[in-house]
Amino acid sequence: MSEWREAFCPVCMMAHGMMGIKDPDRQWVKLGEENFWERPRRCEHFGLIKSSEGRGTMAMVGYFEPEEDVDGYYPLVRERLLAAVDEWIANGWLEKADVQAIIDKH
């Protein structure tokens, strides 16, 4: 029996780890693996706008920013992000100096 490990995202609590790289022409063919956490971060926008195309198909329409957040996600995500930082400091996984260095950079 094999096992693998995944790390929780401290904000959304989804677990990520090694991911299969699939052949774009043959989705059932695995070409290799990549570590989710080593992928480039893509956080240029706050949110994603999708459109239902029917039969469970979603199409990407565009992006939105916190000031365009009509559903009230921003304060909730912000609260979770700050709570995650607080929890990581409390657990000893993050130092206050690490957070301060980011603050000082801005």
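The values are calculated or read from the model by the stated rules, or taken from the named source; none is laboratory data. Since the model is a prediction, treat every value here as computed from it, not as a measurement. Quick reminder, even Gly has a Cβ in these numbers, built from the backbone with ideal geometry, and neighbours come from all protein chains shown.
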- Is there any pair with a first residue in the range 1-18 that is of a type in the set (D, E, K, R) and a second that is surrounded by fewer than 11 Cβ atoms within 10 Å (Cβ to Cβ) and in a strand (DSSP E or B) whose Cβ atoms are under 9 Å apart and which are 6 or more apart or on different chains, and what are they? none
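Of 50, 30, which residue is over 15 Å from the mean Cα position of the chain (by Cα), at pLDDT 90 or above and basic (Lys, Arg)?
50
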- Checked 101, 97, 90, 84 against criteria (small (Gly, Ala, Ser) and either touching a residue at least 12 places away in the same chain (Cβ under 8 Å) or outside any helix (DSSP H, G or I) (or both)); the one match is 84
- Message: Quick check on the range 54-64. Is at least one of its residues in a loop (DSSP other than H, G, I, E, B) and over 18 Å from the mean Cα position of the chain (by Cα)?
- Response: yes
- Item | Answer residue from the range 76-106, given it is surrounded by 12 or more Cβ atoms within 10 Å (Cβ to Cβ) and of a type in the set (Gly, Ala, Ser) and is nearest to residue 9 (Cα to Cα) among those | 84
